[in-house]
1. Filter segment 299-334 for residues that are at pLDDT 85 or above, aliphatic (A, V, I, L, M) and away from ligand 1 (no atom under 16 Å from the Cβ) and give the result.
2. If Y296 satisfies all but one of (1) buried (at least 23 other Cβ atoms within 10 Å of the Cβ); (2) modelled with pLDDT of 95 or more; (3) within 16 Å of ligand 2 (Cβ to nearest atom), what's the number of the condition it fails?
3. How many residues are within 15 Å of ligand 1 (Cβ to nearest atom) and either at pLDDT 95 or above or surrounded by 20 or more Cβ atoms within 10 Å (Cβ to Cβ) (or both) when one looks only at segment 209-229?
4. Going residue by residue through segment 252-259, is there one that turns out to be surrounded by fewer than 23 Cβ atoms within 10 Å (Cβ to Cβ), more than 30 Å from D104 (Cβ to Cβ), modelled with pLDDT under 95 and more than 10 Å from ligand 1 (Cβ to nearest atom)?
5. If a residue must be free of Cβ contacts under 8 Å to residues at least 24 places away in the same chain and of a type in the set (S, T, N, Q), how many such residues does segment 206-242 contain?
6. Given the condition within 19 Å of E141 (Cβ to Cβ) and without any contact (Cβ under 8 Å) to a residue 24 or more places away in the chain, answer yes or no: does some residue in segment 32-45 qualify?
7. Restricting the first residue to segment 178-198 and requiring it to be in a strand (DSSP E or B), which pairs with a second residue that is surrounded by 11 or more Cβ atoms within 10 Å (Cβ to Cβ) and not charged (D, E, K, R) meet a Cβ separation below 7 Å and a spacing of at least six or different chains?
Amino acid sequence: MNGESKDSAPTPSFVSKNQLVFDKIPIVDWAVSESDPAIFYEQLRSAFEDVGFGMFINVPGFDDEFQQKIFAHADQLYSKPQAWKDAISTAKSNALRGYFRGDDIAGDNKAHSEGYRFGTELPVPVAQGDEEIPFYRKLQEGPNQWPAEADMPGFRLAIETLFERYISLNLKLNKHICTLLDIPEAVLDEYYTDFVDFTSVIWHYLPLTPEMQATAKNGFVKGMHEHRDPSTLYNCLIQSRPGLQVQNHAGEWIDVPLVKGGVVCNIGLQLMKLTGGKFVATTHRVNTLKIDKDRYTIPYAFSTRLEKPVLPLPKFVGGDAAKYHVPPNPKIVRLLSIENPLVRGGYARLTLFPAASKKLYPKEWAEAKEMGIL
Ligand SMILES: O=C(O)CCC(=O)C(=O)O
Ligand SMILES: [Fe+2]
């Protein structure tokens, strides 16, 4: 049994006393946000408080036709020869921008996926005098590696259009979250940088083969390891096929369905902390056993200010709102116990992209292994 499956087996201590044991992902209908706010906010509350995930429908700009065009670009990208993809490898970018494989790493961290990572277009950080640039800044700041336009006509424009639409969704969702929590919008704004700092990946999950099937443990073949999103308030994602699973508060894995034109949004650990546990960051994974054809997903999240410690807001101090939610994965508990938000954020990023970070940050990767967070 490998470490991952040991961690994913439900243990008797992982039973929530006060949290709804959900068996499906709530629908949040953006179309009723204006016509019937009471219904909308109840849907949003249930998604973020009871489950930690919502399937958002009727989000402007995310219709199925648009999403299919984006997935066609992803399909074209991943159909390119391996050497072409390796030419834009994350191995050339300290900020882990570009292409990487999740399956060229041995052991527990091997995942049946490849990815292409983006962030805010920024220069590589330059050291002043004899100052050392810390690893968490190197991981955060740098330029993207776009493919040549002639190789992938229209790709950059389409992906940047998607990012613009995600920005608009995030800005509106921030407002709705503040309304739901009954806090001024400025409170949330303080956790963001002055410019839009974001992280996004185009994931390609490889379809199940008999060889992969033979490695199944506890009904799981690793597309992505189980985790909670560490360094974001929340995350939004479009998907071309099912495969994502969310762990309910009794330890069972619930499939996230494919809803055409839907956007999956889930709470990250930062927002859980900020709300004293009122909003719940829920463990999730991608199970290749559920994937019979190539699956593409594109998550997108605003990054929070690296240096700003995230503590429960005054109205959530005391944990009255906090539900009893025992994190099931000891690796996540160890990650969360790192005090310094900068270092914790850096390690969090390493754990999300182990295949890419092992090569670029061997020292920090070995440390993370040693600390038991990888
Ligand atoms: O691709 C998916 O379905 C999940 C991705 C995810 O959980 C992540 O990027 O944090
Ligand atoms: Fe995630």
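The values are calculated or read from the model by the stated rules, or taken from the named source; none is laboratory data. Model, not experiment: these values are computed from the prediction. Don't worry about glycine lacking a Cβ; one is built from the backbone with ideal geometry, like all the others, and counts go over all protein chains shown.
1. V310, L311, L313, V317 - these are the residues of segment 299-334 that are at pLDDT 85 or above, aliphatic (A, V, I, L, M) and away from ligand 1 (no atom under 16 Å from the Cβ).
2. Of everything listed in (1) buried (at least 23 other Cβ atoms within 10 Å of the Cβ); (2) modelled with pLDDT of 95 or more; (3) within 16 Å of ligand 2 (Cβ to nearest atom), Y296 misses just condition (1).
3. Going through segment 209-229, the residues within 15 Å of ligand 1 (Cβ to nearest atom) turn out to be 220-229.
Cutting the leftovers down to either at pLDDT 95 or above or surrounded by 20 or more Cβ atoms within 10 Å (Cβ to Cβ) (or both) gives us 220-226, 228-229.
Final tally of qualifying residues: 9.
4. Start the filter on segment 252-259 by keeping residues that are surrounded by fewer than 23 Cβ atoms within 10 Å (Cβ to Cβ), which leaves 252-259.
After this cut, where a residue has to be more than 30 Å from D104 (Cβ to Cβ) as well, the list is 252, 254, 257, 259.
Keeping just the survivors that are modelled with pLDDT under 95 gives 252.
Narrowing the set further to residues that are more than 10 Å from ligand 1 (Cβ to nearest atom) leaves 252.
Yes.
5. Initially, segment 206-242 is screened for residues free of Cβ contacts under 8 Å to residues at least 24 places away in the same chain, giving 209-211, 214-215.
Subset that is of a type in the set (S, T, N, Q): 209, 215.
Matching residues across segment 206-242 total 2.
6. So the first thing to find is which residues in segment 32-45 are within 19 Å of E141 (Cβ to Cβ), and the list is none.
Scanning segment 32-45 turns up no residue that is within 19 Å of E141 (Cβ to Cβ) and without any contact (Cβ under 8 Å) to a residue 24 or more places away in the chain.
7. Y192/F302; Y192/T304; F198/G119; F198/T120; F198/Y300; F198/A301; F198/F302; F198/S303
Each row is one residue, and each column tells you yes or no for (1) at positive phi; (2) touching a Gly at 6+ places or on another chain (Cβ under 7 Å); (3) among the aromatic types (F, W, Y).
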| site | (1), (2), (3) |
| --- | --- |
| Y136 | no, yes, yes |
| E141 | no, no, no |
| P147 | no, no, no |
| R156 | no, no, no |
| F163 | no, no, yes |
| Y166 | no, no, yes |
| K175 | no, no, no |
| D182 | yes, no, no |
